[in-house]
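Student: Quick one: the structure is below, questions incoming.
The values are calculated or read from the model by the stated rules, or taken from the named source; none is laboratory data. None of these values were measured; they are calculated from a predicted model. Please note: Cβ atoms are built from the backbone with ideal geometry, for glycine as well, and neighbour counts cover all protein chains shown. Quick note on the areas: whole protein, heavy atoms, side chains included, nothing else; ligands and nucleic acids left out. Shrake-Rupley method; radii C 1.70, N 1.55, O 1.52, S 1.80 Å.
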2 protein chains.
Amino acid sequence: MIDKAQLVSRINSELRSIPDFPSPGIIFKDITPLIKDKETFALIIKYFAEKYADANIDYIVGVDARGFIFGAALAYELGIGFVPVRKAGKLPYKKIATSYELEYGTATVEMHEDALDSGDKIVLIDDLLATGGSLAAAVELLEQLKADIFAIETIVELGFLDGRKKLEGYDVNSLVIE
Amino acid sequence: MIDKAQLVSRINSELRSIPDFPSPGIIFKDITPLIKDKETFALIIKYFAEKYADANIDYIVGVDARGFIFGAALAYELGIGFVPVRKAGKLPYKKIATSYELEYGTATVEMHEDALDSGDKIVLIDDLLATGGSLAAAVELLEQLKADIFAIETIVELGFLDGRKKLEGYDVNSLVIE
């Protein structure tokens, strides 16, 4: 079994805080050291894989683009398929879309309309839960497809932004809460 | 051992061709069915992992964003770290950048300047080799960091675009060549 407390401590020591990115006043949490370190990366994936090994999950759904890194490796380890939620304009086939508010303007996320069948049991993963806008938009698409959202996982949650309020009713988990 | 001919045939049967995306006259190769199918996804990753298991690769480098899906799972399976090449504006720390031409305008890719050390042995992966612009730009960044590019891998190559000409001198491989 992966020791969660040790993993959290490891993540905290490697996560890089970058002030004033992408805009003044924001402290960006840089996860690239976590995925470059083979042991940390493996421990994160094994932690999630142990957690969901017996849950009969059909697909891991990952959010463009850092969610692909954790999500694809997790899907592989669990021996299941990976389904992407993409930024606007990237998916070529028939799709569904929803928009959410950013500090300035809006962003749109999309899924293929045949990405999931009704009742498919999924875990949604992204690297970061900040304001919750992109994850809530992903949830909205998954609800449109009638997917069974078993859980939502992120590596880092900015607790003071209270993004999980936008995900009420779901099992939202984060390895590290700042 | 993964049977490459069987894998290629499987990929060919699942790869979805979407006409006139993202612009008229282009036939887009949609890889989402390959990663949704747990067996195909696993076979692709295992094929690459077998190929590089004994090559002492330090890192898998994947290109934003579909290269993250294959690259992160491969890095995990090999027990090594994953390093992203990102589109402009996404990486928060000190970085290097290079631009390449698109049909209209240019695009920029970036890496953190500490993403790799001189001599790190890497495999560069993306889903598609088309005109070769983005992969050649990634190679330019890797050369700036003095990485040892052991091989370049893609799932699908559009051979008629002759993109591999931009990658001359490197070991460029594609599972499916159209």
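Student: Please report, in whole Å³, the volume per residue of the convex hull around the C-alpha atoms of chain A.
Tutor: Spelled out: Cα convex hull of chain A, divided by residues, is 116 Å³.
Student: Given the DSSP H assignment, sum -39500 (n - 2.57) over each helix run of at least 4 residues in chain B and divide by its residue total; what's the result at 222 nm in deg cm²/dmol, nearest 500?
Tutor: -9500 deg cm²/dmol
Student: Report the semi-axes of the equivalent ellipsoid for region A:116-157 in whole Å, largest first, where each axis is √(5λ) for an eigenvalue λ of the Cα gyration tensor.
Tutor: Semi-axis lengths for region A:116-157 are 20, 11, 5 Å.
Student: Same structure, new question: Using a probe radius of 1.4 Å on heavy atoms only, what accessible surface per residue do you get for the protein assembly as shown? Whole Å² is fine.
Tutor: So the protein assembly as shown comes to 43 Å² accessible per residue, rounded to a whole number.
Student: In the neighborhood of B:Val156, defined by Cβ-to-Cβ distances under 12 Å, what is the net charge if each Lys or Arg adds +1 and each Asp or Glu adds -1?
Tutor: Here the count lands on -4.
Student: Quick query: amide H of A:Phe21 versus all other amide H atoms, modeled in the peptide plane; which residues come in under 5 Å with a sequence gap of 5 or more or a different chain?
Tutor: A:Ile26, A:Phe28
Student: How many times 2.2 N^0.38 Å is the alpha carbon radius of gyration of region A:1-78?
Tutor: Rounded to two decimals, the normalised Rg is 1.22.
Student: What is the sum of charges around A:Leu74, taking Lys and Arg as +1, Asp and Glu as -1, for the other residues whose C-beta is under 14 Å from the C-beta of A:Leu74?
Tutor: -3
Student: Now a separate question. Hey, for A:Glu143 with labels 7 Å out along Cα-Cβ, what do the inter-copy distances come to in nm, ordered shortest first?
Tutor: 5.1
Student: Here is a follow-up. What are the ³J(HN,Hα) values, in whole Hz, obtained from phi via the Karplus relation 6.51 cos²θ - 1.76 cosθ + 1.60 with θ = phi - 60°, for each residue of region A:82-96 in sequence order, with x given for Gly and Pro?
Tutor: With the stated coefficients, region A:82-96 comes to 10, 10, x, 9, 10, 5, 4, x, 9, 8, x, 9, 4, 9, 10 Hz.
Student: Let me ask something additional. With 28 Å as the cut-off, how large is the P(r) tail for the protein assembly as shown, expressed as percent of Cα-Cα pairs?
Tutor: Taking all Cα-Cα pairs of the protein assembly as shown, the fraction more than 28 Å apart is 40 percent.
Student: Go through region B:70-128 and name the GluC sites (Glu not before Pro) that are in a DSSP coil and have 13 or fewer other Cβ atoms within 10 Å of their Cβ.
Tutor: Passing both the DSSP loop test and the Cβ count: B:Glu103.
Student: Please report, to one decimal in angstroms, the Kirkwood hydrodynamic radius of region A:134-178 built from all distinct Cα-Cα pairs.
Tutor: 11.1
Student: Suppose a student asked you for the relative contact order of region A:55-177, using Cα pairs under 8 Å spaced at least 6 residues apart; what percent would you report?
Tutor: 24
Student: Also, I was wondering about something else. Kirkwood hydrodynamic radius for region B:67-152: how many Å is it when counted over pairs of different Cα atoms?
Tutor: This gives a value of 13.4 Å.
Student: What's the tally of Lys pairs in region A:55-177 whose alpha-carbon atoms lie under 21 angstrom apart, where the two lysines are 8 or more places apart or on different chains?
Tutor: Taking region A:55-177 as the scope, the lysine pair count is 9.
Student: Chains B and A: buried accessible surface, both sides, probe 1.4 Å, rounded to 100 Å²?
Tutor: Buried area between the two chains comes out at roughly 3300 Å².
Student: Using a 1.4 Å probe on the protein chains only, how many percent of the accessible area of the protein assembly as shown belongs to carbon and sulfur?
Tutor: Carbon and sulfur together cover 49 percent of it.
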